[in-house]
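K.L.:
Starting off with a structure, shown below.
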Amino acid sequence: MTDKYAIFLDFDGTVGYDNTEVRIHPDNIETIKEVRRLGHKVYLCTGRAGGFIPKFITEQVTYDGIIAAMGAEVYIDGKTIYQGIFSTEEVYAITDYCIKSDYKVRLEGPDN
């Protein structure tokens, strides 16, 4: 029996590259396809929220899952396994604190 592996690939600067345009190197596309053909699982990992993953990333390559938003969103085989989303009250409390403390605020989520 051949061992099967789960392979976790960072996106920015690893699978995706280029300082001026986000793209996937053709060699990476072919390698991911071959690894999956051999029966291994390939997961895309990114600090980006799901809503900020460019569509072409998942259109050019099929992944067995995606771990997004630094682990706050987990998708396997096209199904949502986990989404750690703040409640509306939590969002207001966090943004209020940040604004009063003169911190910059950026809100991201699975859709945008």
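K.L.:
Counting pairs of alpha carbon atoms under 8 Å apart in space and at least six apart in sequence, what relative contact order in percent does the chain give? Working shown, then result.
P.N.:
Numbers: 142 pairs, mean separation 25.0, N = 112.
Computed over the chain, the figure is 22 percent.
K.L.:
Mind checking the angle between helix 26-37 and the chain's longest principal axis? C-alpha axes, 0 to 90 degrees, to the nearest 10.
P.N.:
Value to nearest ten degrees: 70.
K.L.:
With just the Cα atoms of the chain, tell me how far they stretch along each of the three principal axes, in Å, largest first.
P.N.:
So the three principal-axis extents are 57, 34, 20 Å.
K.L.:
If you fit an axis through the alpha-carbon atoms of helix 88-100 and take the longest principal axis of the Cα set of the chain, what angle between them do you get, 0 to 90°, nearest 10?
P.N.:
70
K.L.:
Which value at 222 nm does the chain reach when only helices count, each DSSP H run of 4 or more adding -39,500 (n - 2.57), with the total divided by all residues and rounded to the nearest 500 deg cm²/dmol? The partial results should precede the final answer.
P.N.:
Details: 3 runs with 31 residues, N = 112.
Roughly -8000 deg cm²/dmol at 222 nm, from the helical runs in the chain.
K.L.:
If you place +1 on the Cβ of every Lys and Arg, -1 on the Cβ of every Asp and Glu, and leave all else neutral, what size is the dipole of the chain about its Cα centre, to the nearest 20 Debye?
P.N.:
On the way: 12 positive and 18 negative charges, 45 e Å.
Roughly 220 debye for the chain.
K.L.:
Here's another thing I want to ask about it. Along the charge dipole of the chain, pointing to its positive end and built from +1/-1 on Cβ of Lys, Arg, Asp and Glu, which listed residue (63, 53, 110) has its Cα farthest out?
P.N.:
Positive-most Cα among the choices belongs to 63.
K.L.:
Under 10 Å, Cα contacts only: if you run a Gaussian network model on the chain, which one of 61, 74, 91 comes out with the highest mean-square fluctuation?
P.N.:
Residue with maximal mean-square fluctuation among 61, 74, 91: 91.
K.L.:
Shifting gears a bit: If you wrap a convex hull around the alpha carbons of segment 57-102, what volume per residue comes out, as a whole number of Å³?
P.N.:
Details: hull volume 4.7 nm³, N = 46.
Convex hull volume per residue, Cα atoms: 102 Å³.
Here, each number is a calculation from the coordinates, and none is a lab measurement. Just so it is clear, the structure is predicted and the values come from calculations on it, not from any experiment. Using ideal geometry, Cβ is built from the backbone for each residue, glycine included, and neighbour counts are taken over all protein chains shown.
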